[in-house]
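The values are calculated or read from the model by the stated rules, or taken from the named source; none is laboratory data. Everything numeric in this text was worked out from a predicted model, so none of it was measured. Because the Cβ atoms are built from the backbone with ideal geometry, glycine has one as well, and the counts that use them run over all protein chains shown.
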Amino acid sequence: MARLLSKATDLPLYHVDSIQLGPGRTLTLPEECDRRLDELLLKPKWIIDGLGTRDAIERRVRAADTVVFIDFPLLVHYWWAAKRQWKTRTHPRSELPPDFNEFSMAFTYHLAINILRWRKYRHWFLKLIDSVPQSIDLFHIHNPKEWNAFASWAQAPQTPRRQTASSNVV
């Protein structure tokens with residue numbers, strides 16, 4: 001969805017994975033992640049895809065003018081992760097370091113645990129987005145029908161994105 005939005009709006013796309021992950025499956029130090037995120041948030045236009053720490057999520061939501069929350073059932077997220085990992089065995093994701101191997105049992109376990117943890121943080125995130133000002137556009141997508149409707153809306157050139165030009169999307 002982030003790639004589709006980036007293409008439809010001509011907004012630059014940044015991935016949290018690019019900020020958090022380094023060469024050889026290393027993690028970037030939290031201070032460096034914060035510095036990189038701060039640099040992105042200062043840009044006039046952006047789409048930032050992914051999760052990250054609670055602090056990073058909150059900072060992005062507060063700086064955004066649009067939030068898109070894909071809130072499918074847990075099994076759907078696991079299925080997406082499995083498909084993505086299978087695909088990366090021959091086509092690594094461009095947002096990851098070149099030598100980052102996603103197609104491994106260790107990474108699969110790590111990913112599965114993080115998806116499971118997300119469900120625990122979902123309630124926190126719902127409270128966060130409930131607290132944002134009404135001036136922030138919120139799209140809470142619960143199922144494939146809503147996904148398809150949003151994707152169609154985002155791609156429709158005659159449809160304004162919002163009353164003022166959208167520039168920052170989480």
Item to check | Unique residue being over 30 Å from residue 134 (Cα atoms) and in contact (Cβ under 8 Å) with a residue 40 or more places away in the chain when the list is 23, 92 | outcome: 23
Checklist entry - Cβ-Cβ below 6 Å, separation at least six or inter-chain, first residue in the stretch 139-156 and closer than 22 Å to residue 61 by Cβ and of a type outside the set (Ser, Thr, Tyr), second at pLDDT 90 or above and in a strand (DSSP E or B): which pairs? => result 139/68; 140/69; 141/70; 147/141; 150/139; 150/141
Item to check | Residue check, residue 120 among the charged types (D, E, K, R) and over 15 Å from residue 51 (Cα atoms) | outcome: no
Next on the checklist: Checking the structure you have, find out if any residue of the stretch 53-60 is in contact with a Cys (Cβ under 9 Å, 6 or more places away or on another chain) and either modelled with pLDDT of 85 or more or under 23 Å from residue 141 (Cα atoms) (or both).
Outcome noted: yes
Checklist entry - Residues of the stretch 68-86 being among the β-branched types (Val, Ile, Thr) and assigned to a helix (DSSP H, G or I), which ones? => result 76
Checklist entry - Exactly one of (1) touching a helix residue (DSSP H, G or I) at 6+ places or on another chain (Cβ under 8 Å); (2) surrounded by 17 or more Cβ atoms within 10 Å (Cβ to Cβ); (3) assigned to a helix (DSSP H, G or I) is unmet by residue 6. Its number? => result (1)
